[in-house]
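The structure appears below as structure tokens.
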Amino acid sequence: MPEALLTAPRLSARTRWREAIRSTPPGLVIGILAIAAVVLVAVFLTIDLKGNIAYILPRRAIKVSAMLLVAVAVGVSTLLFQTVTANRILTPSIMGFDSLYILVQTALAFVAGAATLATAPSTLKFGLEILLMVGFSAFLYRWMFTGATRSLHLLLLVGIVLGTLFRGFSSLLQRLMEPSEFIILQDLFFASFNNVDPGLLGVSAVLIALVCVGVWRMRHTLDVLALGREVAINVGVDHKRVVMRVLLACSLLVAISTALVGPVTFFGLLVVSLGYQLCRGFRHAWLLPIVVLIGAIALVGGQLLLERVFGFATALSVIIEFTGGILFLYLLLKGSLK
Amino acid sequence: MTTTAVRPAAPARRNRTGETARLVAAAVVVLVIAVGSIFVGVSDVSLSALMANDAGAWEIFWVSRVPRTVAVVLAGMAVAVAGLIMQLMARNRFVEPSTVGTVESATLGILVVTVLAPDSPILTKMIVASVFAVLGTALFLAILRRLPARNTLLIPLVGIMLGGIIAAVTTFFAYRFDLLQTLSNWMIGDFSGVLRGRYELLWIVAVLVLLGLFAADRFTVAGMGQDFTTNLGLNYARTMRLGLMIVSLISAVVVTTVGAVPFLGLVVPNIVSLLFGDNLRRAVPWTALFGAAFVLVCDIIGRTIRFPYEVPVGMVMSVLGAILFLFLLLRKRNA
């Protein structure tokens with residue numbers, strides 16, 4: 001009987017797995033993820049804890065807080081960015097946001113002098129950089145996203161090329177500086193989880209918290225926004241204003257995470273894609289915490305695995321780049337094959 | 001000089017001589033820039049010093065300046081032509097060896113040979129790099145064949161991502177073997193290390209460019225697809241293989257001797273096609289000339305912008321090239 005065949009399709013293991021996840025209530029998913037994240041953080045802080053504990057523990061705490069902040073900043077900014085642009089492939093970093101931040105920083109050093117920049121109060125410097133970055137990205141991306149033709153592929157390509165351009169321009173400016181200044185600046189750039197500025201951590205945490213409160217209050221508007229520009233306008237959302245506000249939040253978050261640990265291109269894409277897989281609905285009230293928790297698990301767990309199991313030092317970003325690149329390619333090809 | 005509008009009416013013979021005259025004129029311009037570039041640099045190699053038979057000046061002239069300019073011209077011509085061939089084979093205006101993973105694969109090859117056999121001569125490194133470049137490019141073309149819709153903008157995106165993935169693998173191992181700094185020398189094209197005795201392998205690419213010139217029409221045909229090519233009595237697989245070899249070899253040789261020169265293969269063929277249309281026989285020599293001129297100018301900029309220090313040509317190029325590429329992309333949008 002054909003009907004019997006239709007009603008009892010042979011589910012592949014993958015489909016069944018996906019069904020199982022889909023039927024789990026989002027609250028439970030968040031609970032499980034939260035427990036996993038807390039356990040990982042605890043393990044990270046306490047594993048192999050011997051020797052001078054008073055020295056080791058604070059250092060680990062700084063490292064783990066930096067990871068958590070980055071998880072929040074990258075996860076939330078990527079989710080918001082995808083919501084505003086109504087697609088699942090764009091991320092702020094693919095669109096060149098973080099190379100823009102580095103360019104702003106370099107340009108600032110070029111104009112003011114790297115020595116001045118290094119000795120200036122980090123909060124003042126950070127504030128100025130973010131102001132410049134937000135202003136410029138608002139101008140640039142407003143122009144990009146409100147254009148008449150909005151081909152996703154064109155947007156992506158332009159974003160990638162803009163990223164290359166910003167990077168090229170930064171390195172050109174760096175070369176044009178006095179060699180002695182360049183050496184000072186170089187130290188400012190190659191940040192990783194291992195040498196995070198503790199002074200920046202507090203400021204970043206406060207800023208991220210503020211942004212997150214704002215985003216959380218916008219969560220229902222974001223749900224509408226995800227349905228696309230036309231629907232959102234029909235429902236009565238002031239689309240242009242909301243999009244601008246979301247892009248501002250994105251710039252702020254990207255600036256914070258780039259200032260803390262440097263650019264991580266595909267991390268956001270990985271985390272948000274996984275988040276959509278694990279979340280039944282498309283409500284931001286669920287998606288936001290899920291994405292943040294996955295980010296925390298991926299960063300802390302990944303670093304733990306690399307450091308303790310494989311004995312590598314800081315190659316986490318490279319691995320993220322590799323898996324993220326493959327995921328991106330997969331999404332790109334899948335999208336076009338449909 | 002006749003304008004493009006009246007050309008179809010003009011007799012073919014005269015047309016051809018006009019074309020040749022213009023090509024010769026352009027070649028003379030490139031030659032003038034090249035000769036000019038010989039006299040740019042920190043140590044004094046002026047015309048008067050050469051006239052006075054200053055031994056030191058002559059030595060720098062032969063050991064450093066002339067090899068450098070020759071290398072710039074060769075690399076510029078070759079990379080631009082490689083880009084053109086790549087674009088014909090993929091039938092896409094937005095691909096070139098550095099946006100489809102060829103350059104990244106060559107770099108991975110150099111890394112592998114540096115790790116496994118650090119003392120091997122440059123020729124061995126080049127051969128390994130070429131093998132990797134061929135494999136990487138073939139991988140891209142294989143993915144391309146599986147894309148049902150030939151979306152103009154999707155193809156370069158896929159290529160860039162493939163390059164990114166290969167580069168991540170390279171970075172990973174370079175980091176493990178503490179070769180990141182060595183690696184960055186290959187990633188950024190730089191002619192400052194070119195001296196007599198260290199660039200001569202670039203002459204190989206001159207031969208490849210000539211080969212590309214003669215086979216150019218075949219690549220256009222092959223770009224139309226296997227059936228079409230076979231119908232015209234051309235061996236599709238062999239043609240694709242030839243194109244693949246030329247592009248990969250050029251990339252590998254250029255990467256091993258001077259490093260990656262980004263966007264060159266992308267921008268120059270596009271500008272040529274904007275100016276002269278899509279007649280391929282004409283496009284190849286013009287692409288070669290424009291490529292040489294473009295790299296010469298960028299190299300002169302790199303040498304003078306921060307005198308007496310030098311900015312690698314790859315950096316100048318990535319800025320100028322990216323701006324030009326954006327212009328090409330957005331010009332379409334506004335049209």
Given the criteria open to solvent by less than 30 Å² (accessible area, probe 1.4 Å) and free of Cβ contacts under 8 Å to residues at least 40 places away in the same chain, does B:V284 qualify?
no
Scanning the range A:48-64 residue by residue, those closer than 17 Å to A:E307 by Cβ and free of Cβ contacts under 8 Å to residues at least 12 places away in the same chain turn out to be A:L49, A:K50, A:G51, A:I56, A:R59
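So which of B:L123, B:L153, B:L116 is within 25 Å of B:A322 (Cβ to Cβ) and open to solvent by 10 Å² or more (accessible area, probe 1.4 Å)? Even if it seems obvious, please write down each step before you answer.
Details: B:L123 fails: within 25 Å of B:A322 (Cβ to Cβ); B:L116 fails: within 25 Å of B:A322 (Cβ to Cβ).
Just one listed residue meets the conditions, B:L153.
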A:L278 fails exactly one of (1) open to solvent by 20 Å² or more (accessible area, probe 1.4 Å); (2) closer than 30 Å to A:I130 by Cβ, namely (2)
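This table checks each residue for (1) over 30 Å from B:I305 (Cα atoms); (2) at pLDDT 75 or above.
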| residue | (1), (2) |
| --- | --- |
| A:F145 | yes, no |
| A:L154 | yes, yes |
| A:I160 | no, yes |
| A:G163 | no, yes |
| A:G168 | no, yes |
| A:R175 | no, yes |
| A:S180 | no, no |
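Tally the residues that are among the polar types (S, T, N, Q) and either in contact with a strand residue (DSSP E or B) (Cβ under 9 Å, 6 or more places away or on another chain) or assigned to a loop (DSSP other than H, G, I, E, B) (or both), restricting the search to the range A:54-93. Don't jump to the end; show me each part of the working.
First pass over the range A:54-93, keeping only residues among the polar types (S, T, N, Q): A:65, A:77-78, A:82-83, A:85, A:87, A:91, A:93.
Cutting the leftovers down to either in contact with a strand residue (DSSP E or B) (Cβ under 9 Å, 6 or more places away or on another chain) or assigned to a loop (DSSP other than H, G, I, E, B) (or both) gives us A:87, A:91, A:93.
Count: 3.
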Among the residues of the range B:142-149, is any open to solvent by less than 40 Å² (accessible area, probe 1.4 Å) and either farther than 27 Å from B:I85 by Cα or away from chain A (no Cβ under 14 Å) (or both)?
no
Search result, residues across the range B:89-112 that are open to solvent by 10 Å² or more (accessible area, probe 1.4 Å) and in a helix (DSSP H, G or I):
B:V103, B:E104, B:L108, B:V112
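Quick grid of which residues meet (1) β-branched (V, I, T); (2) over 15 Å from the mean Cα position of the chain (by Cα); (3) more than 16 Å from A:S99 (Cα to Cα):
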position: A:N234; (1), (2), (3): no, yes, yes
position: A:L248; (1), (2), (3): no, no, yes
position: A:A259; (1), (2), (3): no, no, no
position: A:F267; (1), (2), (3): no, no, no
position: A:S273; (1), (2), (3): no, no, yes
Within the range B:71-84, is even one residue over 17 Å from B:L266 (Cα atoms), surrounded by 16 or more Cβ atoms within 10 Å (Cβ to Cβ), in contact with a Lys or Arg (Cβ under 7 Å, 6 or more places away or on another chain) and away from chain A (no Cβ under 14 Å)?
no
Subset of the range B:166-201, residues over 20 Å from the mean Cα position of the chain (by Cα), within 14 Å of chain A (Cβ to nearest Cβ) and open to solvent by 70 Å² or more (accessible area, probe 1.4 Å), comes to B:F173, B:Y175, B:R176, B:F177, B:D178, B:L180, B:Q181
Among (1) open to solvent by less than 40 Å² (accessible area, probe 1.4 Å); (2) at pLDDT 85 or above, B:G277 falls short only on (2)
Does B:L280 satisfy the condition of being more than 19 Å from B:A75 (Cβ to Cβ), within 18 Å of the chain's Cα centre (by Cα) and away from chain A (no Cβ under 14 Å)?
yes
If you check A:L293, A:L327, which single one turns out to be within 11 Å of another protein chain (Cβ to nearest Cβ), modelled with pLDDT of 85 or more and either under 18 Å from the mean Cα position of the chain (by Cα) or open to solvent by 50 Å² or more (accessible area, probe 1.4 Å) (or both)?
A:L327
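What do you reckon, is A:V254 open to solvent by 20 Å² or more (accessible area, probe 1.4 Å) and either at pLDDT 85 or above or not polar (S, T, N, Q) (or both)?
Values: open to solvent by 20 Å² or more (accessible area, probe 1.4 Å): no; either at pLDDT 85 or above or not polar (S, T, N, Q) (or both): yes.
In short, no.
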Hits in the range B:240-268 (condition: of a type in the set (V, I, T), open to solvent by 10 Å² or more (accessible area, probe 1.4 Å) and in contact with a Ser or Thr (Cβ under 8 Å, 6 or more places away or on another chain))
B:V261
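For A:L124, indicate whether it is open to solvent by 30 Å² or more (accessible area, probe 1.4 Å) and assigned to a helix (DSSP H, G or I). Walk me through it before giving the result.
Numbers: open to solvent by 30 Å² or more (accessible area, probe 1.4 Å): yes; assigned to a helix (DSSP H, G or I): yes.
Spelling it out, A:L124 is indeed open to solvent by 30 Å² or more (accessible area, probe 1.4 Å) and assigned to a helix (DSSP H, G or I).
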Within the range A:150-178, can you find the residues that are open to solvent by 20 Å² or more (accessible area, probe 1.4 Å), more than 7 Å from chain B (Cβ to nearest Cβ) and either in a loop (DSSP other than H, G, I, E, B) or of a type in the set (V, I, T) (or both)?
A:R150, A:E178
Got a sec? Which helices (runs of 4 or more DSSP H) wholly within the range B:212-299 have at least 2 residues that are more than 24 Å from B:L153 (Cβ to Cβ)?
B:226-231, B:236-257
Residue count, the range B:12-46 (criterion: closer than 23 Å to B:I301 by Cα, at pLDDT 75 or above and of a type in the set (A, V, I, L, M, F, W, C))
13
In the range B:302-322, anything surrounded by 16 or more Cβ atoms within 10 Å (Cβ to Cβ) and either more than 10 Å from every other protein chain (Cβ to nearest Cβ) or out of contact with any Lys or Arg (no Cβ under 7 Å at 6 or more places or on another chain) (or both) is listed as B:G302, B:R303, B:P312, B:V313, B:G314, B:V316, B:M317, B:S318, B:V319, B:L320, B:G321, B:A322
Would you pick out the residues in the range A:71-111 that are open to solvent by less than 20 Å² (accessible area, probe 1.4 Å) and polar (S, T, N, Q)?
A:S77, A:T78, A:Q82, A:T83, A:T91, A:S99, A:Q105, A:T106
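Being modelled with pLDDT under 85, over 29 Å from B:V169 (Cα atoms), more than 14 Å from chain B (Cβ to nearest Cβ) and surrounded by 17 or more Cβ atoms within 10 Å (Cβ to Cβ): is that true of A:V261 here?
Numbers: modelled with pLDDT under 85: yes; over 29 Å from B:V169 (Cα atoms): no; more than 14 Å from chain B (Cβ to nearest Cβ): yes; surrounded by 17 or more Cβ atoms within 10 Å (Cβ to Cβ): yes.
The answer is no for A:V261.
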Can you name every residue in the range A:45-71 that is of a type in the set (G, A, S) and modelled with pLDDT under 85?
A:G51, A:A54
Unmet requirement for B:Y236, which otherwise passes all of (1) at pLDDT 90 or above; (2) aromatic (F, W, Y); (3) farther than 30 Å from B:L123 by Cα:
(1)
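The values are calculated or read from the model by the stated rules, or taken from the named source; none is laboratory data. Remember, it's a predicted structure, so these values are computed and weren't measured experimentally. Using ideal geometry, Cβ is built from the backbone for each residue, glycine included, and neighbour counts are taken over all protein chains shown. Note: accessible area is taken over every heavy atom of the protein model, side chains too, but ligands, DNA and RNA are not part of it. Shrake-Rupley method; radii C 1.70, N 1.55, O 1.52, S 1.80 Å.
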